[in-house]
Amino acid sequence: MENLMLYILKVNGLLVVFYLIYHFQLKKETFFQINRSFLLLGIITSFVLPLISFTTIIWKDPEPLTSGYAYQTLPLNSFENKVEVAPFNWNLLFFLCYFLVSFFFLSKLLIEFISFFRIIKKGNKSKSEKIILVETNECQNPFSFFNYLVVNKGHFTTEELELILIHEKIHIEQKHSIDVLISKLLCLLFWANPIVWFYRKAILENLEFIADHQTSARSNKTYEYQKTLLKAVICANQLSITNQFYQSLIKKRIVMLNTNPSHKKQLWKYCLVLPLLIGFIFFFQIQTIAQVKENQNNNQQQQERVELRIDKNSTDEEIKKETKYLEEKYHLTVKVSKIKRNKEEEIVSLKMDYNDGKGNSGSTQISGDEPIKPYVFFINNNNGKRNMGFTSLSNENKSNATYTYESEDNDEEDALAYSYDEGNMPVPPMPPVPPSSKMLKSMPSPPSPPNFPQAPEVPSDLSDKQAMKNFEEKMAAFEMNMKKMQPQMEQFEREMEKYEMQMEDFEPDMKDFEKEMEKFEKEMEAYQEKMMKKHQYAYEYKVEKMNSRDALNEENKIHQEEMKRAHKEAMEAHKLEMKERKEALKMRMEAEKERMKMEMARMKAEMEREKAEQKRRSEALKKI
């Protein structure tokens, strides 16, 4: 809404600029056709120029980071229910009233169109060239609208009628009705701007000046024409959409008819609008955007941490509002379910799950008889990289991230949580990228062999002298062509040597990839060893914690053994999967390598075949 209002203000401002220049500098000049173009161009420019904008960028140095780590905790009071009353939209009321007035003027315009076509329908029509002459008996001043010319012949003498027809034909020939309609629509849109009404009046005046000037020039009856203007009578049913022969500016029209033509030196006045338009663009149509330079020397990492904290006193409403806030702001789902409380309404057990919809998910469960310690779901943003998880705040000096493995039957009693120091989880190594795609893109194309001429066939009847003579002539031509192709053959051999050398350049890539694969295998072994230690430590920690409780029955011990076995099987399966992945990748590289070797062998065989064929042809020619 604000943008539309600003656009309307700019359009009206430009219209004021064009009108003031016309009124104070161009109005008294006799360059009527140029004035017409100036006024129409002013309307077009006023609508188009505010839509054109230019952008400049100002680069700013980045502000130094006072703290590389931003910590944020979701405040509970930010979720208070507040009833906000929407303010009254005064802009909407203003535009509604504005467009109602515009609709009123539009209705008047439609009524005038209906009145015009009513006059056309009742009158006697006759066509002369492209002009349709309509004779009417109504008290109506002569007027024209596009190709229609309406006149009451009974009010004028033959000589006066001739001058009037010349005047109106000029309006029709130069399509002045378009200018009249444009000015009418301009007033319809911007009726609140008084300058727009003066602008329309200036357009109508200038059109009459054009018609008067050319009528006087064509008829050579300036005095009689002025008398005809004075004789015209105003009738009450004038239509504002037409070019009226009579206007309320008779005195001005007669004065302009007797004004000497302006000197061409006065044409410079039309350029006065240019600096004003440039100033308009400079002050209103240039947008300045500030951007921060990238600091290449700033090695400080910016981090952000967001937490959802739940303690024994958290209410269901608070938990619901916090999880909803995370879903709306960070587009992830955090679900807190199966909350159990003691008699004091303190939380003693719960289950937490999260899923960001991008493959990152996790789950944890806290159960017991004692109230829970403060527990947190965290989101860490580290220079655009986001990680998340659960953290227990039972130990103030050390935060433990928690991930949960669940049994296949989703029995919550079988859930086992592994804890490790946050940020201390080993990162799996990345396998090297095979060079096959790079080879296919950069591998040179083999050179194309030259087109050898076709050797003539030996005549079947060697005793035929004429046939042998023709054969000898063809052979001579063939040998001549072969001699001419000798440079091409040498060039082809050089290109083949160059091609073979280029193909040898790809061998080091394969060797480098094999070295990287060996390095990757060692890193994978180290990673697996670290993972085993981490999970073994987590498992032993959990078992020790379980053993520290009251005496465990035999069923719990069996359950622990099953958990241990399941964990071991999972790690073995993971190790086997990594091994199979490594073998598959190695087989893929071997296959790619064999394919490249076969391609090289094929190219060499093709070259040998071409050379053998050429040699065979040469020997056959020598025998002949």
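Determine whether the range 503-523 contains at least one residue that is over 18 Å from Met589 (Cα atoms), part of a loop (DSSP other than H, G, I, E, B) and at pLDDT below 80. No, because not a single residue in the range 503-523 is over 18 Å from Met589 (Cα atoms), part of a loop (DSSP other than H, G, I, E, B) and at pLDDT below 80.
Somewhere in the range 144-162, is a residue small (Gly, Ala, Ser), in contact with a helix residue (DSSP H, G or I) (Cβ under 7 Å, 6 or more places away or on another chain), over 30 Å from Tyr7 (Cα atoms) and touching a residue at least 24 places away in the same chain (Cβ under 8 Å)? Looking through the range 144-162, at least one residue is small (Gly, Ala, Ser), in contact with a helix residue (DSSP H, G or I) (Cβ under 7 Å, 6 or more places away or on another chain), over 30 Å from Tyr7 (Cα atoms) and touching a residue at least 24 places away in the same chain (Cβ under 8 Å).
When Tyr527, Tyr541 are checked against the criterion of being out of contact with any Ser or Thr (no Cβ under 8 Å at 6 or more places or on another chain), among the aromatic types (Phe, Trp, Tyr) and at pLDDT below 75, a single residue qualifies: Tyr527.
Out of curiosity, is Trp197 within 26 Å of Phe47 (Cα to Cα) and either touching a Ser or Thr at 6+ places or on another chain (Cβ under 6 Å) or not in a helix (DSSP H, G or I) (or both)? So that I can check it myself, show each step before the final result.
Details: within 26 Å of Phe47 (Cα to Cα): yes; either touching a Ser or Thr at 6+ places or on another chain (Cβ under 6 Å) or not in a helix (DSSP H, G or I) (or both): no.
In short, no.
Between Gln296, Gln291, Gln301, the distinction of being modelled with pLDDT under 75, under 32 Å from the mean Cα position of the chain (by Cα) and assigned to a strand (DSSP E or B) belongs to Gln291 only. Contact annotation: residue pairs with Cβ atoms under 7 Å, 6 or more positions apart or on different chains, pairing a residue in the range 324-348 that is more than 21 Å from Pro371 (Cβ to Cβ) with a partner that is in a loop (DSSP other than H, G, I, E, B) and among the hydrophobic types (A, V, I, L, M, F, W, C), are Tyr325/Leu74; Leu326/Leu332. In the condition set (1) surrounded by 16 or more Cβ atoms within 10 Å (Cβ to Cβ); (2) among the aromatic types (Phe, Trp, Tyr); (3) more than 58 Å from the chain's Cα centre (by Cα), Phe143 is compliant with all but (3).
Is one or more of the residues making up the range 233-241 touching a strand residue (DSSP E or B) at 6+ places or on another chain (Cβ under 9 Å), at pLDDT below 90 and among the polar types (S, T, N, Q)? Yes - at least one qualifying residue is present in the range 233-241.
Out of the range 40-58, which residues are more than 15 Å from Leu277 (Cβ to Cβ) and part of a helix (DSSP H, G or I)? Let's see the steps before the verdict.
Step one: of the range 40-58, the residues more than 15 Å from Leu277 (Cβ to Cβ) are 40, 55-58.
Of everything in the range 40-58, just one residue is more than 15 Å from Leu277 (Cβ to Cβ) and part of a helix (DSSP H, G or I), namely Leu40.
The sole residue among Glu555, Glu590 that is part of a helix (DSSP H, G or I), surrounded by fewer than 15 Cβ atoms within 10 Å (Cβ to Cβ), modelled with pLDDT under 70 and not assigned by the TED database to the domain that holds Glu479 is Glu555. Could you identify the single residue in Ser177, Ser115, Ser144 that is in a helix (DSSP H, G or I), of a type in the set (S, T, N, Q) and touching a strand residue (DSSP E or B) at 6+ places or on another chain (Cβ under 7 Å)? Unique residue meeting the criteria: Ser177. Among the candidates Ala192, Ala202, the residue that is farther than 20 Å from Val150 by Cα, outside any helix (DSSP H, G or I) and not basic (Lys, Arg) is uniquely Ala192.
The values are calculated or read from the model by the stated rules, or taken from the named source; none is laboratory data. This one's a predicted model, so the numbers in the text were calculated from it and none came from an experiment. Virtual Cβ from ideal backbone geometry, glycine too; neighbours counted across all protein chains shown.
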